[in-house]
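S.K.: Below is a structure I'd like to ask you about.
The values are calculated or read from the model by the stated rules, or taken from the named source; none is laboratory data. None of these values were measured; they are calculated from a predicted model. FYI the Cβ positions are ideal-geometry reconstructions off the backbone, even for glycines, and counts take in every protein chain you see. The area values use the complete protein model at the heavy-atom level, side chains included, leaving out ligands, DNA and RNA. Shrake-Rupley method; radii C 1.70, N 1.55, O 1.52, S 1.80 Å.
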Amino acid sequence: VQLQAFGGGLVQAGGSLRLSCAASGRTFSTYVMGWFRQAPAKEREFVSTINRDGDRTSYADSVKGRFTISRDNGKNTVYLQMNSLKPEDTAVYYCAAYGSSSWLRKEAYAYDIWGQGTQVTVSS
């Protein structure tokens, strides 16, 4: 499977954005999907993950209650709805996938397929 993330942009603090990650191939539903982000001069960090069926999710504490991950296996797409954005949410956001198990993983090294990233900038 190949991944392409889009939907980033410039938004004021308190605003919202929805990121999408479109996957090619017929096996999208067999992958656990995740979102990560990387700010300048910082390491890539976990944001959220969702299981194959879309009924289990996990979030980083920093985004819990503000971000919502979801997926549509019929459209081969995973989404990240981001509300109440803060300047510290500014980063390049990456979607990622792994299919070796059904566990929800927060470690970037567990994911073996990555999209190209989309920039999110939140102004104060």
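S.K.: Among S29, S100, S62, which is at pLDDT 95 or above, more than 17 Å from F6 (Cα to Cα) and not in a strand (DSSP E or B)?
M.R.: Of S29, S100, S62, the one residue that is at pLDDT 95 or above, more than 17 Å from F6 (Cα to Cα) and not in a strand (DSSP E or B) is S62.
S.K.: Output the residue which, of all residues in segment 76-87 that are touching a strand residue (DSSP E or B) at 6+ places or on another chain (Cβ under 8 Å) and either modelled with pLDDT under 95 or not in a strand (DSSP E or B) (or both), is surrounded by the fewest Cβ atoms within 10 Å (Cβ to Cβ).
M.R.: P87
S.K.: If we keep just the residues of segment 95-124 that are of a type in the set (F, W, Y) and open to solvent by 40 Å² or more (accessible area, probe 1.4 Å), which is farthest from A60 (Cα to Cα)?
M.R.: The qualifying residue farthest from A60 (Cα to Cα) is W114.
S.K.: A41 passes all but one of (1) among the hydrophobic types (A, V, I, L, M, F, W, C); (2) without any contact (Cβ under 8 Å) to a residue 12 or more places away in the chain; (3) touching a Gly at 6+ places or on another chain (Cβ under 9 Å); which number fails?
M.R.: All conditions are met except number (3).
S.K.: Right, another one. Does any residue of segment 14-24 turn out to be free of Cβ contacts under 8 Å to residues at least 40 places away in the same chain and loosely packed, with under 13 Cβ neighbours inside 10 Å? Break it down stepwise before answering.
M.R.: Let us first name the residues in segment 14-24 that are free of Cβ contacts under 8 Å to residues at least 40 places away in the same chain, namely none.
No, every residue in segment 14-24 fails to be free of Cβ contacts under 8 Å to residues at least 40 places away in the same chain and loosely packed, with under 13 Cβ neighbours inside 10 Å.
Rundown of residues vs (1) open to solvent by less than 40 Å² (accessible area, probe 1.4 Å); (2) closer than 18 Å to A110 by Cα, yes/no style:
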position	(1), (2)
L3	yes, yes
G7	yes, no
Q12	no, no
T30	no, yes
F36	yes, yes
K42	no, no
T57	no, yes
V63	yes, no
